[in-house]
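Asker: Okay, handing you the structure first.
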Amino acid sequence: MKRKLDVPEDPAEHAARFSIDWRDRMEAHARRRLRELGIPEDQIGALDESFGHREAAFHPREETGGGISPGRRINLNSGVFNPDLLRPMLGEEAASMWERLPLRHRMDAVIAHEYEEGKSGDHERAVIDAASTELPISERAREMLQAIAGDVKERSR
Amino acid sequence: MIHLLTMGHFTPGNPKTAAVEKPLDMDVVNRLLTELAAEDAAGKPTLDGAPVKLKGGVAVVAWKAGLHRNRAAEEFALRLQAETGCAIVDREHSQMIDPGRLEGVGDHAVGRSGG
């Protein structure tokens, strides 16, 4: 008898469940990539209230891709696994580019965005600045960030 | 990367680590959603196309992605705050959101036309 898989219809919830199962591996992966990109050690990770207030670079229950906390501390979260993270807020070009983007480039894009948001304290400014960040992110991540920054043109037509 | 608006009654301190002190008044939440929200194919409420998630006594909806702001979500947050006194927070970015930062939709129609 085949066992029916319990897969949530909501991609955000699916991503969160997957992230909870694999949180330890993702914690190591996120922490390593933050270091490789040159994020200072004291800005890697933030308190995760969902898991005993541990300090973590990956917060599996959060769904936004990443976040920034006091002290410019950066964490990634389950949103990096969500293929629909940018839908329906952004146009199809940026949303589908994100959908096709491999995980490591999604992580780079999120890290650059949160890093720039930590510097300016402003989301909109970070959208613009991240596309030309000094962090050594991958070219595909940079193209993703350029598409996000350019999305306003698509909407304003 | 994206920002969410979370509305609820929280314990004092950093919104990222705060606990829910008491649940939102769902009668008010549901009435405001009837006024402001559209529905997706599954009949769930959406604001500017973004699903409204009601869980753990709070309401959560996508607010910012790229340079786009969800004004319908702002309107919902403003009205919910005015009627219930709840807090508006961006939990993932450890921020309390002052209602003065939100514009809402003003006199513009929302609901079905707001998708």
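Each value in this text was obtained by applying a stated rule to the coordinates, not by laboratory testing. Everything quoted here is computed from the prediction, not taken from an experiment. Glycine gets a Cβ as well: all are built from the backbone with ideal geometry, and neighbour counts include every protein chain shown.
Asker: If you add up the charges near residue B:98, with Lys and Arg at +1 and Asp and Glu at -1, over every other residue whose beta carbon is less than 13 angstrom from its beta carbon, what do you get?
Answerer: Here the count lands on -2.
Asker: If the label point is 7 Å along Cα→Cβ of residue A:42, which residues in the stretch A:52-90 have backbone nitrogen under 12 Å from it?
Answerer: So the set is A:71-73.
Asker: Once amide H atoms are placed 1.01 Å from N in the peptide plane, what residues at a sequence separation of 5 or more from residue B:9, or on another chain, have their amide H within under 5 Å of its amide H?
Answerer: Hits under the 5 Å cutoff: B:21, B:22, B:24, B:87.
Asker: How far is it, in nm, from the label point at residue B:40 to the one at residue A:104 when both lie 7 Å from their Cα along the line to the Cβ?
Answerer: 3.2 nm
Asker: Based on DSSP H runs of at least 4 residues, each adding -39500 (n - 2.57), what is the mean residue ellipticity at 222 nm of the protein assembly as shown after dividing by all its residues, to the nearest 500 deg cm²/dmol?
Answerer: The helix contribution divided over the protein assembly as shown gives -12000 deg cm²/dmol.
Asker: Placing unit charges on C-beta atoms (Lys and Arg positive, Asp and Glu negative, everything else neutral), compute the dipole magnitude of the protein assembly as shown about its Cα centre in debye, rounded to 20.
Answerer: The dipole magnitude comes to about 640 debye.
Asker: Separate question: Tell me the net charge near residue B:12. Cut-off is 15 Å between Cβ atoms, residue B:12 excluded, with +1 for each Lys or Arg and -1 for each Asp or Glu.
Answerer: Result for the neighbourhood of residue B:12: +1.
Asker: Using a 10 Å cut-off around each Cβ of peptide B:67-80, what is the average number of partner chain Cβ atoms that fall inside? Walk me through the numbers before you get to the answer.
Answerer: Details: counts 14, 12, 3, 2, 0, 0, 1, 0, 0, 0, 0, 0, 0, 0.
For this peptide, the per-residue mean of nearby foreign Cβ atoms is 2.
Asker: Oh, and also: Taking Cα centroids, how far is the stretch A:8-37 from the stretch A:49-107 in Å?
Answerer: 9 Å
Asker: So, one more: Along the positive direction of the dipole of the protein assembly as shown (beta-carbon charges: Lys, Arg +1; Asp, Glu -1; about the Cα centre), which of A:128, A:68, B:47 reaches farthest?
Answerer: A:68
Asker: What does the C-alpha gyration tensor say about the overall shape of the protein assembly as shown? Classify as rounded when a/c is under 1.5, otherwise prolate if a/b is larger than b/c, or oblate.
Answerer: Judged from the Cα gyration tensor, the protein assembly as shown comes out rounded (a/c under 1.5).
Asker: Still on this structure, please answer the following. Considering only the other residues whose Cβ falls under 15 Å of the Cβ of residue A:70, what net charge follows from Lys and Arg at +1 and Asp and Glu at -1? Kindly include the intermediate steps, with their values, before the conclusion.
Answerer: Values: positive: A:72, A:73, A:119, B:16, B:91; negative: A:42, A:48, A:49, A:55, A:114, A:117, B:90, B:92.
With Lys, Arg at +1 and Asp, Glu at -1, the neighbours total -3.
Asker: Let me ask something additional. Assign unit charges at the C-beta atoms only (+1 for Lys and Arg, -1 for Asp and Glu), then state the dipole size of chain A relative to its Cα centre in Debye, rounded to the nearest 20. If you can, show how the numbers build up before the last one.
Answerer: Working: 25 positive and 31 negative charges, 100 e Å.
About 480 debye.
Asker: Could I ask something else about it? So for the stretch A:1-60, taking the charge dipole from beta-carbon charges (+1 Lys/Arg, -1 Asp/Glu), which of A:11, A:38, A:52 sits furthest toward the positive end?
Answerer: Of the candidates, A:11 comes out farthest on the positive side.
Asker: Which shape class, rounded, prolate or oblate, goes with chain A when its Cα gyration tensor gives a ≥ b ≥ c as root eigenvalues, a/c under 1.5 marks rounded, and past that a/b bigger than b/c marks prolate?
Answerer: It comes out oblate by the Cα gyration axes.
Asker: Ignore the peptide's own chain and count Cβ atoms of other chains within 10 Å of each Cβ in B:90-97; give me the average, rounded.
Answerer: Details: counts 3, 4, 14, 12, 8, 5, 0, 0.
Counting other chains' Cβ atoms within 10 Å and averaging over B:90-97 gives 6.
Asker: Give, rounded to the nearest 20 debye, the magnitude of the charge dipole that the stretch A:96-138 has about its Cα centre when Lys and Arg contribute +1 at Cβ and Asp and Glu contribute -1 at Cβ.
Answerer: It works out to roughly 240 debye.
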